[in-house]
Amino acid sequence: MRIARVLAVAAFVVFAIAGSASAGPPGQWTRLPGTVINFAEPGLARTSDGVLHVVFTRRNGNKEDLIHLEISATGKVGGDSVAIGGWSAMSHPDLLRMPDGTLRAFFGGIRSTSPGETNKRLSTATAPASGAPWTLKSGDVVQAPSAYATGVAGAGLAKDGTPISTWSVSPGLGYHYGISAGDPDRAIPQSGCCLYTPDVAVDSASGQAWVGFHSNESASPGLYVSAIGPSGPQGGRKLAPGSVVGKSSVYPGNRTSLTGRIGAGGVYLLFGQGYPTFKTLALWKVDTAKPHLVVKADRNEHANVAAGPDGRLWLMWEQNGTIFAARTNTSATKLGAPNTLRPPSGATIYRLNGEGSAGPLDLIANLQASGGQSFWHQQVLPRLSLSGKRAGKTIVFTVTDAGDPVAGAKVKAGGKTLTSAANGRAVLAKAPAGRIKASAAKAGYAASAPATVR
């Protein structure tokens, strides 16, 4: 059994805010074009050129469009375009990068009320890696007649490259392997109403797929996961520890924050624990008994998780109007120093989503701010940690990233600039007496908080 680690939230660091259409350096907010509704969530996927592709639903008069835009590897937001337009109704989409590098979106909805309409349940559309043009698959992906009404669609990629889609409507939660409605749907058993906001994640090592969801059933509320396969659920559902207190559970709101890891095994769920408000955040490897990483975060909301390189995970959440984002170590057992991000002045936070496969986190926040409800973007770098220990006139500084040593960091201390070695250490010889203030920086990281050594 892993030992839970409890981490204190770091002090606030206020970042600059920018609203220009082409901004994007870490520490700046960029507003995405147009407006969205307050529970809108985007679909995110990164292509091999480092570009992050974003798809989301936007109102267009009395119709709804699927919008596509790109964010460069350096965080620059491009212009938007209509990928699939003019639908009578459209749910919030999910997006996959397929094994051949192309993009595939899944979304519920009805294109029209025409008696001969072919797309009126759950649909899929594809685009090349360039992001255009988009092609709608004629005909539904699933058999379930009510799948059109899902609030959000969820999607994942099986180890053999087969897409897995999921949806949630009354009377239940369904999932589907492939894109042919001729293949059977599968369902998660339930008793009473209802199961909500599902998503799919796949273990990159074993290939085991999981679906996560929130239950509002009177007999079994809380957050759950279930192992799934093409022939149906595999075993019973598993309750996320601490997601229910007695018979009460807080509805987290967003699409279930479930992810696999890149280059490492395991599927992980990030969720709030406690009732009537969340008191802590828990990161849970879903095939284990207990969360192995717990973060003190009283009254946290909108928690989400995204895969980073080398098995790392990015965690993001809100507390009292401030957004936090931090990255784990490669074994996903320790969390690095959190970045603290103030939203634009007067903004209210409704959803947080992110993509971290390139190293930095591309954070997409659904915010109500001056000018209306919109998605905003900020690129977030992992934050260095710095500590120091004095022995006489010698101070040994240690630079780490979520506990892992960082080589090549520049440590400024005592009027000198030092460079950390492979073990993360930098030695200040002949240090003056008294308190020494120091900081550490390295390209690709946010600078450490100041450290003081006596």
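The values are calculated or read from the model by the stated rules, or taken from the named source; none is laboratory data. Not measured: the values here are computed from a predicted model. Methodologically, a virtual Cβ is constructed for each residue, glycine included, from the backbone with ideal geometry; neighbour enumeration extends over all protein chains shown.
When the test is whether a residue is of a type in the set (D, E, K, R), under 29 Å from ILE71 (Cα atoms) and in contact with a strand residue (DSSP E or B) (Cβ under 7 Å, 6 or more places away or on another chain), ARG351 passes it. Screening GLY408 with (1) touching a Gly at 6+ places or on another chain (Cβ under 7 Å); (2) at pLDDT 95 or above; (3) surrounded by fewer than 24 Cβ atoms within 10 Å (Cβ to Cβ) gives one miss only, at (1).
The strands (runs of 3 or more DSSP E) found wholly in the range 364-454 and carrying at least 2 residues that are among the β-branched types (Val, Ile, Thr) occupy 394-401, 416-419, 451-453.
Within the set GLY403, GLY372, GLY444, the sole residue that is out of contact with any Asp or Glu (no Cβ under 6 Å at 6 or more places or on another chain), surrounded by fewer than 14 Cβ atoms within 10 Å (Cβ to Cβ) and either outside the structural domain of VAL36 (by TED's automatic domain parsing) or closer than 30 Å to GLY260 by Cβ (or both) turns out to be GLY444. The sole residue among PRO432, PRO360 that is of a type outside the set (D, E, K, R) and under 33 Å from the mean Cα position of the chain (by Cα) is PRO360.
Results for (1) surrounded by 14 or more Cβ atoms within 10 Å (Cβ to Cβ); (2) within 25 Å of VAL51 (Cα to Cα); (3) not assigned by TED's automatic domain parsing to the domain that holds SER331, shown as yes or no for each residue.
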position	(1), (2), (3)
GLY359	yes, yes, no
LYS416	no, no, yes
GLY434	no, no, yes
ALA440	yes, no, yes
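Go through (1) surrounded by fewer than 21 Cβ atoms within 10 Å (Cβ to Cβ); (2) at pLDDT 95 or above; (3) of a type in the set (Ser, Thr, Tyr) and name the single condition TYR224 misses. Of (1) surrounded by fewer than 21 Cβ atoms within 10 Å (Cβ to Cβ); (2) at pLDDT 95 or above; (3) of a type in the set (Ser, Thr, Tyr), only one is false for TYR224: (1). The set of residues from the range 167-200 being in contact with a Phe, Trp or Tyr (Cβ under 7 Å, 6 or more places away or on another chain) and of a type in the set (Ser, Thr, Tyr) comprises SER168, TYR196, THR197. Among the residues making up the range 170-189, a single one is in contact with a strand residue (DSSP E or B) (Cβ under 8 Å, 6 or more places away or on another chain), surrounded by fewer than 20 Cβ atoms within 10 Å (Cβ to Cβ) and within 18 Å of TYR251 (Cα to Cα): GLY172.
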